[in-house]
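For reference, the structure discussed in these notes is given below.
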Amino acid sequence: MGTHTARHRRSRPRVWALLAGAVLLAAAATTATAAPATKLALASGRIHYQLSGTTKGTMVLSWIQSGIKFRQEMKMPATVPQAGSGTRPISVSTWTLSDGKNVYTLNPMVEKQVLRMKVLRTGPQANNVAAGLGGMFGQAFDPAKAKRVGKGKVLGRTCEISDLDTARVWVWQGLPLRIETKPSAPGPVMKMLATKVETAPKLSPALFKVPAGYQVRDFDPNAAMHGGMSPGGPPPRR
C-alpha cells in the first residue's frame, strides 16, 4: 500500500506538468497589469505544432475574432502507475479555450471536468486573457525586452527572430512559428515548431465554448500549488 501511494504521489507532478502546459498561453502571460487588447492581423487561423525536447507531443492553436477567442489542443505522452509495480505509457489529450472572458481547460485525468481560470484585469493576479492572443503574444515577445537577431523562414513565411532571456522565437504576423528554449535557461528544454499554417480555415463557433455536460471547477494557479481548487458549477449560460 505504501509503495503504491508513493508511486501515485510521484506521478502527480507529471500530471500537473501536462496540465500546466495546456494553460501555458494564459498562465505564462500573467503579470501585475493586464496587457491591452491587441487584435491579430489574421481574423481567424489555425497553426499545427510539433513539440520536442523534454516535452514531446503535438499542439493545435485555433482562433477567431482576431485572436480574442482561441482554442489550444494538445496531445502528449505520459506515464501512470500500474498494478504490481512500474508504470505504463499512455497518450493524454487535453484542450484549453478562451471565450474572451474566461479560460477553460479540460482536466485529462477526470472525466468531463473543466478547470476555469477567471479573468482578472487588475491587481497582483491580473492576467492577459482578455487581451486575446494578440495582447498575450505581444507582451511575451515585447520588442523592448527582446534582441532582434535577424530574419528566417518557417514554412516559407518570413519571420523576425528575437532572443529573449530564456528562448529564441521566430515570429510571423505576431504569431510564434518556432520557439527554442536556451540550454542555459532554467527549466526543461523545449522546442516548438509549426508544421502547418492555415490562414482562413472554417472554424465552428462551438469550438470556443465548453460543451454541455461538463463539470466546471474554478482554478487558482496559486492555490493549485498547494493542492487547493474551489468547486464551480455548470458552464455559464449563453
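Beyond 19 Å between alpha-carbons counts as too far, so tell me which of LYS39/LYS196; LYS39/LYS191; LYS112/LYS196; LYS39/LYS69; LYS112/LYS209 fall in that bin.
LYS39/LYS196; LYS39/LYS191; LYS112/LYS196
In whole Hz, with x marking every Gly and Pro, tabulate ³J(HN,Hα) for the range 193-207 from phi via Karplus 6.51 cos²θ - 1.76 cosθ + 1.60, θ = phi - 60°.
10, 5, 10, 7, 10, 10, 9, 8, x, 8, 10, 6, x, 5, 4
If amide hydrogens are placed 1.01 Å from N in the peptide plane, which non-local residues have theirs closer than 5 Å to the one on LYS69?
Under 5 Å from the amide H of LYS69: ILE64.
Given H placed on each backbone N at 1.01 Å, which residues far from VAL189 in sequence or on other chains put an amide H within less than 5 Å of it?
THR54
With a 10 Å radius around each residue's Cβ, average the other Cβ atoms per peptide and rank 105-112, 199-206, 168-175, 134-141, highest first.
The packing order, highest mean first, is 134-141, 168-175, 105-112, 199-206.
Readers should treat all values here as calculations from the given coordinates under stated rules, not as data from a laboratory. All of these numbers come straight from a predicted model, not from anything done at the bench. All Cβ positions, even for glycine, are placed from backbone atoms using ideal geometry, and neighbour counts span all protein chains on display.
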